[in-house]
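Report on one structure; see the data block that follows.
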Amino acid sequence: MSPAARLRGLKPDWISDPRVWRTEVLGGLVVALALIPEAISFSIIAGVDPAIGLFASFTMAVTIAIVGGRRAMISAATGAVALVIAPLNREHGFGYLVAAVILAGVFQIALGALGVAKLMRFVPRSVMVGFVNSLAILIFMAQIPEMRGVPWPVYPLMAGGLALMVFFPKLTTVIPAPLVSIVILTVITVAAGIAVPTVGGKGELPSSLPVPGLPDVPFTLDTLTTIAPYAFAMALVGLMESLMTAKLVDEITDTHSDKTRESIGQGIANVVTGFFGGMGGCAMIGQTMINVKVSGARTRLSTFLAGAFLMVLCIVFGPVVSDIPMAALVAVMVMVSFATFDWHSIAPKTLKRMPAGEITVMVITVVCVVATHNLAIGVVVGSITAMVVFAKRVAHLAEVTATTGPDGSSVVYRVTGELFFASSNDLVGRFDYATDPKKVVIDLSAAHIWDASSVAALDGIAAKYAQRGKTVEITGLNDPSADLHGKLTGELAAGH
């Protein structure tokens, strides 16, 4: 390959392909417009000035575009993070909130370096489906307050916005339909003088860029102990939402992302955000869906421009942005919620074929997320439920069959399946201790020993036979099982 060809291969797609460039730029613009009211709302939840949330969205998006591990994913100020740090701001003040954001970033960098991203492999598909569906429900529920107690023109405007997003792509996909919808509805409301809630009604937009600085707190051990619990909770919630979002984008785009880099990148972005006086954040699932699924963006450029456009819109075009009707942005988010929901997962045909345990896990995940408004809690509870369902299912796969020798002097028990705490608990009761002959052989060639509970169960079986003057021989152990059994047998009885 020639040097020129190699250089072309190193260039991002958006540099060499004008169509990709256009998609990324327009996608970033749509996300920036949708970020403004969301960031202001999250600022209110955290109890800080609206500018703080907007600054956080700017610094998070721009930083993660450079250091993150998942292209096209949007990170900004989020409701989950706002809920975690709101009590700290309320009880101790804004300086402590900023210090907690910086410390949370440090925690995320450390957790990322320790390989916390590898835990994502233990999240089953049923939890992932529940996560996606609950996300869609939360996005829709978040729009309901914007539909209550509003002037009647809001409803036809929303209906018109939804119609534009459904039918405009049939004409052309050159310009994202959400952007067209926002522009047309804004022009209509301004030109006709229709009095409806607007972005400006959410709060005052900033007029200048944020400046770096240190948090206004005493640098003492007492401060550290005050902020550490909030910072650690924020770090865990932020990583959970970000890694789940990255996994979702992987599936949508059929590409792979570097989860470890994303974890560390989230930490770096929060550290940067904290030093610029922002409220911190993590991956925004709704905005990411706008960027990836609705706008079709696929590169870091859209993420970077989402943050850059956000500040440009606030500082340069503040008066224009303030006139955007909330109905237009609500219509965009409603469309995102419908596009995000996995409708196939609740189709009657799917539910008939799906194992009951899988459906239970999905439903529990959705219920927990919707009830707590915390995606991380739903994922953890759903994953634990899935593990319990799996353990119960596998426990029934351990079978024991007995074959008596031709002369009646011995019996061979053949054990088939996986031996672990759930299945080995029933193993002791599967043997006929009273009537078996003097020699008992337990054949484990078709089984595998996974834990100490199984070794203890085998020791218990041998002890019961020994009490009756009978001998037990264990055969057929594979190498890992033999190694574990050799280390633990005889060491697990009471008193050890």
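Looking at the square roots a ≥ b ≥ c of the eigenvalues of the Cα gyration tensor of region 374-496, which shape do they give, rounded for a/c under 1.5, prolate if a/b is larger than b/c, or oblate? Prolate, since a/c reaches 1.5 and a/b exceeds b/c.
Give me the one-decimal Kirkwood hydrodynamic radius in Å for region 387-459, with the sum taken over alpha-carbon pairs.
12.9 Å
Summary of packing: across the peptides 321-333, 406-418, the per-residue average of other C-beta atoms within 10 Å ranks them, highest first, as 321-333, 406-418. Apolar share of the accessible surface for region 73-191: 73 percent from carbon plus sulfur atoms, 1.4 Å probe. For the pair K352 and F167, label points projected 7 Å from Cα toward Cβ lie 3.6 nm apart. The separation of region 67-126 from region 231-282, counted between C-alpha centres, amounts to 6 Å.
Rounded to two decimals, the Cα-based Rg/Rh of region 281-326, with Kirkwood Rh, is 1.02.
Across the chain, Cα pairs under 8 Å and at least six residues apart give a relative contact order of 24 percent.
Translational D (Stokes-Einstein, µm²/s) of the chain at 10 °C and 1.306 mPa s when Rh comes from the Kirkwood sum over C-alpha pairs?
Details: Rh = 25.8 Å.
Translational D for this selection: 62 µm²/s.
The label-point distance for T475 and W152, in a model that sets each label 7 Å from Cα toward Cβ, rounds to 8.8 nm. Annotation for region 374-435 versus region 18-35: alpha-carbon center distance of 55 Å. Using alpha carbons only, the radius of gyration of region 248-403 set against its Kirkwood radius gives Rg/Rh = 1.09. Take each peptide in 73-82, 23-32, count the other Cβ atoms within 10 Å of every residue, and average; sorted highest first, the result is 73-82, 23-32. For region 79-135, just say rounded, prolate or oblate: build the C-alpha gyration tensor, square-root its eigenvalues into a ≥ b ≥ c, call rounded for a/c under 1.5, and beyond that prolate if a/b exceeds b/c, oblate if not. Oblate shape, in that a/c is at least 1.5 and b/c is the bigger or equal ratio.
Scaled against 2.2 N^0.38 Å for its residue count N, the alpha carbon radius of gyration of region 128-168 is 1.46. With all pairs of different C-alpha atoms in the average, the Kirkwood value for the hydrodynamic radius of region 427-492 is 12.2 Å.
Lys and Arg at +1, Asp and Glu at -1: add these up for the other residues within a Cβ distance under 15 Å of T63 and post the number. Don't skip to the answer; put the middle values down first.
On the way: positive: R70, R71, R261, R300; negative: E262.
Neighbourhood net charge equals +3.
Below 14 angstrom from the Cβ of V116, what's the summed charge of the other residues (Lys, Arg +1; Asp, Glu -1)? That works out to +2.
Rolling a 1.4 Å probe over the protein heavy atoms gives region 94-148 an accessible area of 42 Å² per residue.
Which order do E146, E241 take by accessible area at a 1.4 Å probe, largest first?
On the way: E146 45, E241 15 Å².
Ranked from most to least accessible, the order is E146, E241.
Please report the relative contact order for region 339-404, taking Cα pairs under 8 Å with a sequence separation of at least 6, and give it as a percent rounded to a whole number. Spell out each step's value before the answer.
Values: 29 pairs, mean separation 14.9, N = 66.
Worked out over region 339-404, it gives 23 percent.
Kindly flag which residue pairs out of K247/K352; K247/K293; K118/K247; K259/K392; K438/K464 have an alpha-carbon separation exceeding 20 Å in this structure. Where the Cα-Cα span goes over 20 Å, the pairs concerned are K247/K352; K259/K392.
The values are calculated or read from the model by the stated rules, or taken from the named source; none is laboratory data. All values derive from a computational prediction rather than experimental measurement. Neighbour counts are summed over all protein chains in view; Cβ atoms, including those assigned to glycine, are modelled from backbone coordinates with ideal geometry. Ligands, DNA and RNA are excluded from the accessible area calculation, which covers all protein heavy atoms including side chains. Shrake-Rupley method; radii C 1.70, N 1.55, O 1.52, S 1.80 Å.
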